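Notes follow once the structure below has been shown.
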Amino acid sequence: PLEFKLDNPYPNPFNPVTTIDFQLPDNVDNITLAIYDIKGRLIETLYSGVLKSGYHSYMWNADNVASGIYFVNMITKDNRFTRKITLLK
């Protein structure tokens, strides 16, 4: 990959599983991929730690949360990306 990028989760809207794809052009010492609700509360941390450069994919199973709008946040030392997702049950 040539740039840091958080793709739009697919499917969106979803029920109850969505796939979150992202790319890293360099190795990252500390990356966090997390889900927040519309009020900014942390719902779930999908990954936190070290990742090598390349293409990565995580699935979020939202079986245990209510329908609504959520945000996927990918945070590195120098970058922050957010994507809106909608859970419809």
Next item on the list: Within the set of other residues whose C-beta is less than 10 Å from the C-beta of Asp21, count the net charge using Lys and Arg as +1 and Asp and Glu as -1.
Entry: 0
Next item on the list: Could you please state how large a percent of the accessible area of the chain is carbon and sulfur, counting protein chains only and using a 1.4 Å probe?
Entry: 49 percent
Note to self: Using only the alpha carbons of the range 4-48, what is the convex hull's orientation-averaged projected area in square nanometres?
What the structure shows: 3.8 nm²
Note to self: Could you report the chain's accessible area per residue, 1.4 Å probe, as an integer in Å²?
What the structure shows: 60 Å²
Checklist line | Compactness of the range 23-81 as Cα Rg over 2.2 N^0.38 Å, two decimals | finding: 1.19
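The values are calculated or read from the model by the stated rules, or taken from the named source; none is laboratory data. What you see is a predicted model; the values in this text were computed from it and never measured. No Cβ is skipped: glycine too gets one built from the backbone with ideal geometry, and neighbour counts run over all protein chains shown. Heavy atoms of the whole protein, side chains included, go into the accessibility calculation; ligands, DNA and RNA do not. Shrake-Rupley method; radii C 1.70, N 1.55, O 1.52, S 1.80 Å.
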